[in-house]
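**Student:** Quick one: the structure is below, and I'll ask about it shortly.
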Amino acid sequence: MRNPYINDDLQALSDHTRRFADKRVAPGFLERDQTRVLDRQLMREMGAMGLIAPELAEAHGGQGLGCLAAGVIHEEIARADLSISYINLLASLNGQILSDHGQPEVASPWLKKLTAGEALLAIALTEPRGGSDAANLRLRVERVSNDYVINGEKTSISAADQADAVVVFGRTGSIDSGAHGVTALLVPTDVPGLTRSRFDCHGQRAIGRGSLFFENVRVPMNHRLGDENKGFVQVMQGFDFSRALIGLQVLAVARVALEETWAYVAQREAFGKPLSAFQGVSHPLADFDTQVVAARLLCLQALWLKDQGLPHTSEAAMCKWWGPKLAYDVVHQCLLMFGHGGYDHGVMEQRLRDVLGFQIGDGTAQIMKTIVARDRAGRQAVPN
Ligand SMILES: Cc1cc2nc3c(=O)[nH]c(=O)nc-3n(C[C@H](O)[C@H](O)[C@H](O)COP(=O)(O)OP(=O)(O)OC[C@H]3O[C@@H](n4cnc5c(N)ncnc54)[C@H](O)[C@@H]3O)c2cc1C
């Protein structure tokens, strides 16, 4: 056991995933940044190997493993390609939402496709007017006989143009009702009235982001997730899970960057010595390595708390602001250690672009710190 959270079974799962990722995911890392296409064949292979949402119940195509199992898989896929590990992230986040809040006749077939790697689900919260104040969203959802009719726009949605279905949050209540007037719906992307666009992203280009435009899109009432007007309060709980997973994903990128950099500075010479002989080189790396080990333990702790059914909202928010900030700083430092070579298009600069996205996606550091502050000082003391 390397730490208290990773037992022999989890270590074996991690090793098994690394072998797959080294062979099947890592080789296409640079190319996918150019083609911007998520490899569906790879996704199906991941599904066949049980690497997608293993925490879901067997009835849904999962394996009933703990959230820590999902965590070690996320790490190993992200180490090879952060964009590809979005397949795991979106499946774990949306899988939990569908299994906890979906109506079985709708959710069950989607969950089976999700875990088999045959379907990709996106999640759509952000709107053009803003993402941080998420409870203030305006996408219109009206009930017309037995359907919900959706009008408006969602933007900056990961996998917007590649997803097969989207978990969409819209307003069924009045604007004044805030978080208490939001309903979540599952919307297949082939429904009439739904159009999609793709942005030219800085990083995470294989998964990509884009907008969703809804023009009188209709879904039957049984596509609702959770209760009407309770989408935010019930369904948003799932984000504690994804925040801890994101921490592990970006720290896995930082860890591989550090490994490669330690090896490089040990053999590259300047002034007749290995670079690592200079404390100006080795101490920043030792400093970052220390922080990465600590931040990783925090992420594992958050997942362990979730597996125990214990509260973990603060820990998850800590993972989500610290992990991406630290990973960016680590990869930046590593890139500099490679000198001019680090500045060429290649693995290090792509990692830097990739990890940056998670300083914004799924909520910024400021919003995460507000969540921690609310937990510590109380909601009344931290109203916004
Ligand atoms: C790579 C990536 C992937 C994404 N994927 C998705 C996705 O799949 N689904 C989805 O719904 N959205 C997604 N997003 C959107 C993302 O969730 C939002 O961009 C994010 O929540 C911030 O919203 P915003 O961009 O509108 O910024 P704003 O809300 O306009 O905020 C702008 C700045 O002001 C700061 N700020 C805002 N309010 C406060 C406050 N109260 N106190 C202090 N500072 C504050 C913010 O931290 C930020 O720095 C993604 C974004 C990125 C970059």
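**Student:** Tell me whether region 147-294 comes out rounded, prolate or oblate; compute the Cα gyration tensor, take square roots of the eigenvalues as a ≥ b ≥ c, and use a/c under 1.5 as the rounded threshold.
**Tutor:** Details: a/c = 4.24, a/b = 2.58, b/c = 1.65.
Prolate is the answer for region 147-294, as a/c is 1.5 or above and a/b outweighs b/c.
**Student:** Cβ neighbours within 10 Å, averaged per peptide: list 77-88, 194-205 in order, most packed at the top. Walk me through the numbers before you get to the answer.
**Tutor:** Working: 77-88: 27.3, 194-205: 16.3.
Most protected by this proxy first, the peptides run 77-88, 194-205.
**Student:** For the chain, what are the DSSP H helices with axial Cα length of 27 Å or more and mean Kyte-Doolittle hydropathy of at least -0.5? Present the calculation step by step, with values, prior to reporting the outcome.
**Tutor:** Numbers: long enough: 239-267 (43 Å, 0.77); 279-307 (41 Å, 0.38); 313-337 (36 Å, 0.24).
The qualifying helices are 239-267, 279-307, 313-337.
**Student:** Treat every Asp and Glu Cβ in the chain as -1 and every Lys and Arg Cβ as +1, leave all other atoms uncharged, and give the resulting dipole magnitude about the Cα centre to the nearest 20 debye.
**Tutor:** Working: 39 positive and 43 negative charges, 105 e Å.
Once rounded to the nearest 20, the dipole reads 500 debye.
**Student:** Moving on. Using alpha carbons only, how many angstrom separate the centre of region 306-335 from the centre of region 26-94?
**Tutor:** Using only Cα atoms, the two centres lie 19 Å from each other.
**Student:** If we sort 355-364, 250-259 on the protection proxy, mean other Cβ atoms within 10 Å, highest first, what's the order? Can you show the working numbers first?
**Tutor:** Values: 355-364: 21.3, 250-259: 24.6.
Top to bottom by mean Cβ count within 10 Å: 250-259, 355-364.
**Student:** With only alpha-carbon pairs counted, each pair once and no self-pairs, how large is the Kirkwood hydrodynamic radius of region 157-227 in angstroms?
**Tutor:** 13.4
**Student:** Based on the alpha-carbon gyration tensor of region 71-200 and its eigenvalue square roots a ≥ b ≥ c, which shape applies: rounded if a/c is under 1.5, prolate if not and a/b is larger than b/c, or oblate? Working shown, then result.
**Tutor:** Working: a/c = 1.78, a/b = 1.45, b/c = 1.23.
Judged from the Cα gyration tensor, region 71-200 comes out prolate (a/c at least 1.5, a/b above b/c).
**Student:** To continue, here is another question. Over region 5-154, what lengths in whole Å, largest first, do the semi-axes of the equivalent ellipsoid take, defined as the square roots of 5 times the eigenvalues of the alpha-carbon gyration tensor? Provide the component values of the computation, followed by the final result.
**Tutor:** On the way: eigenvalues 181, 77, 42 Å².
Values for region 5-154, descending: 30, 20, 14 Å.
**Student:** May I pose another question? Can you give the Kirkwood hydrodynamic radius for the chain, in Å, rounded to one decimal and based on Cα pairs? Walk me through the numbers before you get to the answer.
**Tutor:** On the way: mean 1/r = 0.0468 Å⁻¹.
Value: 21.4 Å, from the Cα pair sum.
**Student:** Still on this structure, please answer the following. Percent relative contact order of the chain, based on C-alpha pairs within less than 8 angstrom and at least six residues apart? Don't skip to the answer; put the middle values down first.
**Tutor:** Values: 726 pairs, mean separation 60.8, N = 384.
Dividing the mean separation by the residue count of the chain yields 16 percent.
**Student:** Given the convex hull of the Cα atoms of region 1-77, what is a quarter of its surface area in nm²?
**Tutor:** On the way: hull surface 22.1 nm².
Mean shadow area of the hull around the Cα atoms is 5.5 nm².
**Student:** Carbon-plus-sulfur fraction of the accessible area of the chain, 1.4 Å probe, in percent?
**Tutor:** On the way: 8470 of 16370 Å².
Exposed carbon and sulfur together represent 52 percent of the surface.
**Student:** Right, another one. What area, in nm² and to one decimal, does the C-alpha convex hull of region 264-365 cast on average over all directions? Let's see the in-between values first.
**Tutor:** Details: hull surface 30.1 nm².
Computed as one quarter of the Cα hull surface, the answer is 7.5 nm².
**Student:** Quick one: accessible area per residue over the chain, 1.4 Å probe, rounded to a whole number of Å²? Walk me through the intermediate numbers first.
**Tutor:** Values: 16370 Å² over 384 residues.
Spelled out: the 1.4 Å probe surface of the chain, per residue, equals 43 Å².
**Student:** Order these peptides, 182-193, 36-47, by their mean beta-carbon neighbour count within 10 angstrom, highest first.
**Tutor:** Values: 182-193: 19.2, 36-47: 17.3.
Ranked by mean Cβ neighbours within 10 Å, highest first: 182-193, 36-47.
**Student:** Can you give me the pair-distance distribution of region 94-143, C-alpha pairs, 10 Å bins, whole percents?
**Tutor:** Final binned percentages: 22, 36, 34, 8.
The values are calculated or read from the model by the stated rules, or taken from the named source; none is laboratory data. Please read all numbers here as calculations on a predicted model, not as lab measurements. Neighbour counts run over all protein chains shown; Cβ positions are idealised from the backbone, glycine included. Side chains included, ligands, DNA and RNA excluded: accessible areas come from the protein's heavy atoms. Shrake-Rupley method; radii C 1.70, N 1.55, O 1.52, S 1.80 Å.
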